[in-house]
Amino acid sequence: MKRTGWVFLLLLFTPALYAFDVTVLRSFTISGLTRANGKLTLPLEHKQYYNIRVLNKETYDFLLSCKEPCVQLQADVTASVVEVRCAQTRKHMWIVQVAFGRAWLVTFLVFQKGNNFSIKEPEHFTFMSKELAEQTRHVILQSLRQEDI
């Protein structure tokens with residue numbers, strides 16, 4: 001059998017590695033998750049940073065076994081800031097880690113231009129709820145004020 005034939009057979013019998021999305025309580029969506037061989041892989045920002053993390057085993061197990069469309073119905077999405085730190089690469093930029101309940105940890109970037117702040121969520125994270133987006137923005141800005149920025 002020619003080399004291309006073997007490659008085709010190998011691809012045919014190799015489990016497909018494809019990305020899927022999870023929606024959490026109609027509040028936000030995380031895209032680009034993959035699972036293979038009993039292991040979950042979270043999406044990378046710019047192919048190098050994990051800006052989205054799973055915080056508990058229940059969520060991890062749910063993501064390993066959920067059927068598409070993958071919707072997590074039993075999760076607390078209350079936003080709370082876990083850590084604020086200055087970015088070393090850029091002045092007037094902060095890295096803010098926000099926990100959504102005890103299930104998810106998401107890293108946001110905050111930029112200051114004059115008196116205005118701009119908050120950027122990770123590329124694989126999308127708010128579906130305007131209320132949660134506003135609550136998250138509020139807790140991020142409040143935590144920056146507490147840091148005397």
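What follows is calculated from the coordinates using simple rules that are stated; it is not laboratory data. If you're wondering where the values come from, they're calculated on a predicted model, not measured in any experiment. Quick reminder, even Gly has a Cβ in these numbers, built from the backbone with ideal geometry, and neighbours come from all protein chains shown.
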### Message
For M128, what residues show an amide H to amide H distance below 5 Å, using hydrogens built from the backbone and excluding near sequence neighbours?
### Response
F28, T29
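Under the classification rounded if a/c is under 1.5, otherwise prolate if a/b is larger than b/c and oblate if not, where does the chain fall, given a ≥ b ≥ c as square roots of the Cα gyration tensor eigenvalues? Spell out each step's value before the answer.
Details: a/c = 3.00, a/b = 1.84, b/c = 1.63.
Prolate.
Report the calculated FRET efficiency for F127 and Y50 (r = Cβ-Cβ distance, R0 = 30 Å), to the nearest 0.05. Present the calculation step by step, with values, prior to reporting the outcome.
Values: r = 19 Å, r/R0 = 0.65.
Rounded to the nearest 0.05, the efficiency is 0.95.
Given the -39500 (n - 2.57) contribution per DSSP H run of 4+ residues, what per-residue ellipticity at 222 nm results for the chain, rounded to the nearest 500 deg cm²/dmol? Write out the running numbers ahead of the final one.
Working: 3 runs with 37 residues, N = 149.
Helix contribution divided over all residues of the chain: -8000 deg cm²/dmol.
Given axes a ≥ b ≥ c from the Cα gyration tensor, I'd like to know whether the range 30-89 is rounded (a/c under 1.5), prolate (a/b larger than b/c) or oblate.
Judged from the Cα gyration tensor, the range 30-89 comes out oblate (a/c at least 1.5, b/c at or above a/b).
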### Query
Among 72-80, 97-105, 19-27, what's the highest-first ranking by average C-beta atoms within 10 angstrom per residue?
97-105, 19-27, 72-80
### Query
Helices from the chain with mean Kyte-Doolittle at least 1.0 and a Cα length along the axis of 30 Å or more, per DSSP H: which?
none
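Could you work out the relative contact order of the chain? I mean the mean sequence separation of Cα pairs under 8 Å and 6+ apart, divided by the number of residues, in percent.
Working: 237 pairs, mean separation 32.5, N = 149.
Reported relative contact order: 22 percent.
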### Distance violations [Cα-Cα > 25 Å] among K39/K67; K47/K91; K67/K130; K91/K130
K67/K130; K91/K130
